[in-house]
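Quick notes on the structure that follows.
Each value in this text was obtained by applying a stated rule to the coordinates, not by laboratory testing. For clarity, every value in this text was computed on a predicted model and none was experimentally measured. Please note: Cβ atoms are built from the backbone with ideal geometry, for glycine as well, and neighbour counts cover all protein chains shown.
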Amino acid sequence: MSPNDVTLREIHSAREVLVVDDIADEGRTLEAVLQVVRSGEPHNLRVAVLVSKHGQRKINVPIDYVGFELKDGWVVGVGMDLDDRFRNLDYLAIVESPQ
């Protein structure tokens, strides 16, 4: 993902902005979003993620609020899937080695 793939209506420079993401994995998507948000020069910018997979991070993105830290594995459930499986679980689970 690149900043060209992200669109925003408008960010006012006097605004507080909180970017929320489900998983911060390699950091590419989050960095693309942050580049676009920063271009609007918000007054304050914070980032919250449900799951931070710091062991997979390729791009160092600033994360202010983290629900869970995860070194390895795949997070599934509550809309997140692994090869189109487990998406409909009503809880989060970690698959350590996909089969």
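From the C-alpha coordinates alone, can you work out the Kirkwood hydrodynamic radius of segment 3-71, in Å?
12.4 Å
With an 8 Å cut-off on Cα pairs and a minimum separation of 6 or more residues, tell me the relative contact order of the chain in percent.
Dividing the mean separation by the residue count of the chain yields 22 percent.
Percent antiparallel among DSSP beta bridges with both residues in the chain, to the nearest 5?
If I count the DSSP bridges inside the chain, around 30 percent turn out antiparallel.
How high is the FRET efficiency between residue 60 and residue 88 when r is their beta carbon distance and R₀ equals 22 Å, given to the nearest 0.05?
Result of the calculation: an efficiency of 0.05.
Helix 28-39 versus the longest principal axis of the chain: what is the Cα-based angle in degrees, 0 to 90, to the nearest 10?
Value to nearest ten degrees: 10.
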